[in-house]
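Inspection log for the structure reproduced underneath, given as structure tokens.
Nothing in this text is a laboratory measurement; each read-out follows from the coordinates by a stated rule. Please read these numbers as outputs of a predicted model, since none were measured by experiment. Cβ placement follows ideal geometry from the backbone for every residue including glycine, while neighbour counts extend to all protein chains displayed.
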Amino acid sequence: MLVVLMLVSLLSGARSEFKEPQCLSYFDYEQKLIYKLISIEDEVKKFRVFIDELKNNQEKKTREQDDRFETTLAKFENDAEKATNELKVKSDKIVTDLEDKLADLTSAVDDARKGENLELYMLFQCYH
């Protein structure tokens with residue numbers, strides 16, 4: 001008899017595991033629905049905060065990149081201006097040196113034509 005009772009209690013316990021859920025009242029259904037909606041609203045708020053943070057971070061990074069670009073561009077322009085000025089100074093010096101050497105050579109040729117520098121006169125005559 002004890003075995004039969006245990007078997008019946010076991011079978012009734014096994015049956016309770018496979019029972020369909022109980023129907024809830026309309027109030028219980030709406031209450032669960034409202035809780036779900038509230039949790040969904042909380043998730044949406046979290047997503048909005050997360051998206052706003054992402055936007056702010058992206059805007060900050062964009063501003064930083066723009067600032068770095070402007071700084072680099074200004075430095076490049078400054079370096080280019082310095083290089084241009086240095087090149088102008090060097091080219092002016094080269095032109096001045098060439099003009100001086102040309103004047104010296106012209107003077108030497110004139111002297112050679114006059115016969116004051118015989119060696120240069122002879123060299124000049126060889127090439128003309």
| query | How far apart, in nm, are the 7 Å Cα→Cβ label points at residue 82 and residue 109? | reply | 4.2
| remark: Karplus ³J(HN,Hα) for region 81-98 (6.51 cos²θ - 1.76 cosθ + 1.60, θ = phi - 60°; Hz, whole; x = Gly/Pro) runs 5, 4, 5, 5, 5, 4, 5, 5, 4, 5, 5, 4, 5, 5, 4, 4, 4, 5
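Under 14 Å from the Cβ of residue 74, count the other residues' Cβ atoms, weight Lys and Arg +1, Asp and Glu -1, and hand me the total. Display every interim value, and only then the final one.
Values: positive: 68, 75, 82; negative: 66, 67, 70, 77, 79, 81.
In short, -3.
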| query | Projected onto the charge dipole of region 39-102 (+1 at Lys/Arg Cβ, -1 at Asp/Glu Cβ, origin at the Cα centre), which of 85, 69, 95 gives the Cα projection farthest towards the positive end? | reply | 69
| query | What list of ³J(HN,Hα) couplings, whole Hz, do you get for region 25-33 from phi and the Karplus terms 6.51, -1.76, 1.60, once you set θ to phi - 60° and write x for glycine and proline? | reply | 6, 4, 4, 4, 4, 5, 4, 5, 5
| remark: A correct Karplus calculation of ³J(HN,Hα) over region 43-51, with 6.51 cos²θ - 1.76 cosθ + 1.60, θ = phi - 60°, whole Hz and x for Gly and Pro, returns 5, 4, 4, 4, 5, 4, 4, 4, 5
